[in-house]
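Comments concern the structure below.
The values are calculated or read from the model by the stated rules, or taken from the named source; none is laboratory data. Model, not experiment: these values are computed from the prediction. We place every Cβ from the backbone using ideal geometry, glycine too, and count neighbours over all the protein chains shown.
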Amino acid sequence: MYAHTYLIPSPLGASHSLSNADLFTPLRLGAVELPNRIIMAPMTRSRAGDGNVVTPLTAEYYAQRASAGLIITEATQVSPTGQGYPNTPGIHTDAQTLGWRDVAEAVHAAGGRIAAQLWHVGRVSHPLFQPNGAAPVAPSAIAAAGTLYTGQGMEPFPVPRALETDEIPLLVRAFGDAAKRAVFDAGLDAVEIHAANGYLIDQFLRDRTNRRTDAYGGTVEKRCRFLLEILDAVTTAVGPGRVGVRLSPTGTFNDMGDSDPLGHFSTITEALNPFGLAFLHVIEGLPGHPMAPPDGAPHVAAALRRIFKGPVILNGGYTREAADAAIARGEADAVSFGEPFIANPDLPARFRTGAALAAPDRATYYGGGAKGYTDYPALESVEA
Ligand SMILES: Cc1cc2nc3c(=O)[nH]c(=O)nc-3n(C[C@H](O)[C@H](O)[C@H](O)COP(=O)(O)O)c2cc1C
């Protein structure tokens with residue numbers, strides 16, 4: 001059963017494809033076939049064990065959510081300098097990779113598909129998380145405003161150390177190596193490069209945080225060079241059909257901003273096209289959502305949708321109805337859901353049946369064990 005699409009002109013002269021698809025229409029993202037378009041958004045849950053290795057509890061958590069069209073894992077650091085929160089998992093050691101293999105096996109055994117979100121936090125860190133207590137690294141020595149949780153209380157964000165030009169290839173390689181580990185060693189289906197939410201790649205992309213004067217800063221073309229080099233490494237490692245990118249062009253989380261989100265992210269999105277990626281994942285919250293563009297800031301997701309020549313996943317406060325409408329209007333090919341998946345492991349079944357959604361307990365989002373993680377029941381057991 002295939003959805004057919006047809007083109008209508010938009011008021012801007014460009015066009016979105018109207019579609020008769022909805023959240024339950026199968027979709028191909030690069031090399032990965034999805035039975036539905038309900039994506040589980042990446043969510044940090046800070047429950048990794050010693051050595052930042054995911055535990056069997058994490059395998060159970062993701063397996064419970066295997067009915068998603070695609071699970072995108074919590075952000076997973078590609079190198080020891082990439083960590084900025086307690087107990088976030090890595091994928092740069094053999095033990096970490098074996099932990100992820102158990103997760104992938106559990107999800108596949110439950111009939112699902114899973115992509116690893118690969119990140120480096122950059123300046124959103126603290127010497128307490130860094131090897132040898134060093135300063136965190138960033139494109140430029142600009143501290144984020146605010147405080148972060150170190151596991152020993154709240155601390156002001158430190159001033160990061162600006163990366164030397166010759167250190168950058170090592171970080172690019174760390175992303176390529178992590179992608180290989182994720183796909184070939186751990187057996188996950190794909191990777192998502194985390195270029196959103198104010199972490200290292202986003203710090204390079206946006207002019208509020210990138211004041212470099214070398215080949216990695218100055219113009220938007222130079223600011224996106226780090227991302228493009230990472231995509232080159234990662235697509236060479238695992239093939240473009242297993243690589244997606246997440247962007248948050250108007251996001252302000254982690255003290256982020258940009259002087260021209262629409263212009264700059266249009267250029268960045270153009271630059272993604274030659275890679276033939278599996279998907280572009282854009283965070284632009286619906287009105288009233290905390291991740292909505294700030295007052296007066298342009299909305300850019302629709303423009304990026306027109307520019308990107310591949311499937312687009314939208315995110316930020318969607319309900320089933322809003323997601324179906326966005327797909328029908330051709331604004332997105334798929335929609336990702338974050339918080340709704342926390343308390344509703346069987347979210348697709350609830351959408352299909354119109355069942356009420358359970359409310360998540362925010363107190364158990366980060367850290368701890370099974371409580372608030374694997375103990376939310378699925379519908380059958382709710383009704384039984
Ligand atoms: C507990 C929690 C952890 C999150 N961790 C991540 C993360 O690791 N990587 C990421 O890109 N976004 C992260 N996000 C953002 C979500 O992926 C998503 O963008 C956000 O929740 C908005 O979508 P929603 O309205 O469907 O929840 C997190 C959100 C929550 C609630």
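Among residues that are aliphatic (A, V, I, L, M), within 16 Å of the ligand (Cβ to nearest atom) and in contact with a strand residue (DSSP E or B) (Cβ under 7 Å, 6 or more places away or on another chain), Ala195 is included. Residues of region 353-384 that are over 22 Å from Ala106 (Cβ atoms), at pLDDT 95 or above and of a type in the set (D, E, K, R): Asp361, Arg362. Of all the residues in region 242-263, those that are within 27 Å of Asp189 (Cβ to Cβ), touching a residue at least 60 places away in the same chain (Cβ under 8 Å) and either part of a loop (DSSP other than H, G, I, E, B) or away from the ligand (no atom under 16 Å from the Cβ) (or both) number 1. Does region 268-290 contain at least one residue that is in contact with a Cys (Cβ under 8 Å, 6 or more places away or on another chain) and either assigned to a helix (DSSP H, G or I) or modelled with pLDDT under 95 (or both)? Within region 268-290, one or more residues are in contact with a Cys (Cβ under 8 Å, 6 or more places away or on another chain) and either assigned to a helix (DSSP H, G or I) or modelled with pLDDT under 95 (or both). Taking each residue of region 90-114 that is at positive phi and looking for partners that are among the small types (Gly, Ala, Ser) with beta-carbon atoms closer than 6 Å, six or more apart or interchain, yields Gly111/Ala66.
Pairs are defined by a Cβ separation below 7 Å, a sequence spacing of at least 6 or placement on different chains, a first member in region 318-344 that is more than 17 Å from Pro42 (Cα to Cα) and modelled with pLDDT of 95 or more, and a second member that is more than 9 Å from the ligand (Cβ to nearest atom) and polar (S, T, N, Q); the pairs so defined are Ile327/Ser19; Ala328/Ser19; Gly330/Ser17; Gly330/Ser19.
Quickly run through region 358-371 and pick out the residues that are at negative phi and surrounded by 15 or more Cβ atoms within 10 Å (Cβ to Cβ).
Looking only at region 358-371, we keep the residues that are at negative phi, and these are 358-366, 369-371.
Those that are at negative phi and surrounded by 15 or more Cβ atoms within 10 Å (Cβ to Cβ): Ala358, Pro360, Thr364, Tyr365, Tyr366.
Here Arg305 meets each of (1) in contact with a strand residue (DSSP E or B) (Cβ under 6 Å, 6 or more places away or on another chain); (2) in a helix (DSSP H, G or I); (3) within 11 Å of the ligand (Cβ to nearest atom); (4) of a type outside the set (A, V, I, L, M) with one exception, condition (3). Being within 13 Å of the ligand (Cβ to nearest atom) and of a type in the set (A, V, I, L, M) narrows it down to one of Val124, Val78, so name that one. It is Val124. Could you list, in sequence order, all residues of region 180-226 that are over 18 Å from Ala145 (Cα atoms), out of contact with any helix residue (DSSP H, G or I) (no Cβ under 8 Å at 6 or more places or on another chain) and in contact (Cβ under 8 Å) with a residue 40 or more places away in the chain? Across region 180-226, the qualifying residue is only Glu192. Scanning region 28-74 for residues that are of a type outside the set (S, T, N, Q), within 16 Å of the ligand (Cβ to nearest atom) and closer than 16 Å to Gly187 by Cα returns Val54, Tyr62, Leu70, Ile71, Ile72.
Pull up region 46-103, narrow it to residues that are of a type in the set (A, V, I, L, M, F, W, C) and out of contact with any helix residue (DSSP H, G or I) (no Cβ under 6 Å at 6 or more places or on another chain), then point me to the one that is farthest from Ile201 (Cα to Cα).
So, considering only residues that are of a type in the set (A, V, I, L, M, F, W, C) and out of contact with any helix residue (DSSP H, G or I) (no Cβ under 6 Å at 6 or more places or on another chain), the one farthest from Ile201 (Cα to Cα) is Leu57.
Set side by side, the residues Thr213, Thr209, Thr235 differ, and just one is surrounded by fewer than 24 Cβ atoms within 10 Å (Cβ to Cβ), of a type in the set (S, T, N, Q) and farther than 24 Å from Leu27 by Cα, which is Thr213. Cβ-Cβ contacts under 8 Å between residues 6 or more apart (or on different chains), taken from a first residue in region 264-288 that is touching a residue at least 24 places away in the same chain (Cβ under 8 Å) to a second residue that is among the basic types (Lys, Arg) and more than 16 Å from the ligand (Cβ to nearest atom), are listed as His264/Arg223; Asn273/Lys309; Ala278/Arg242; Val282/Arg305. Would you check if there is a residue in region 103-114 being within 20 Å of Gln83 (Cα to Cα), among the aliphatic types (A, V, I, L, M) and surrounded by 16 or more Cβ atoms within 10 Å (Cβ to Cβ)? No, region 103-114 has no match at all. Taken over region 97-121, residues that are within 16 Å of the ligand (Cβ to nearest atom) and either more than 25 Å from Gly151 (Cβ to Cβ) or part of a helix (DSSP H, G or I) (or both) amount to 4.
Just to be sure before I move on: is Asp295 assigned to a loop (DSSP other than H, G, I, E, B), within 23 Å of Ala145 (Cβ to Cβ), free of Cβ contacts under 8 Å to residues at least 24 places away in the same chain and over 16 Å from the mean Cα position of the chain (by Cα) in the structure I sent? When the stated conditions are applied, Asp295 passes them. In the set Ala144, Ala135, only one residue is surrounded by 15 or more Cβ atoms within 10 Å (Cβ to Cβ), assigned to a loop (DSSP other than H, G, I, E, B) and free of Cβ contacts under 8 Å to residues at least 40 places away in the same chain; that residue is Ala135.
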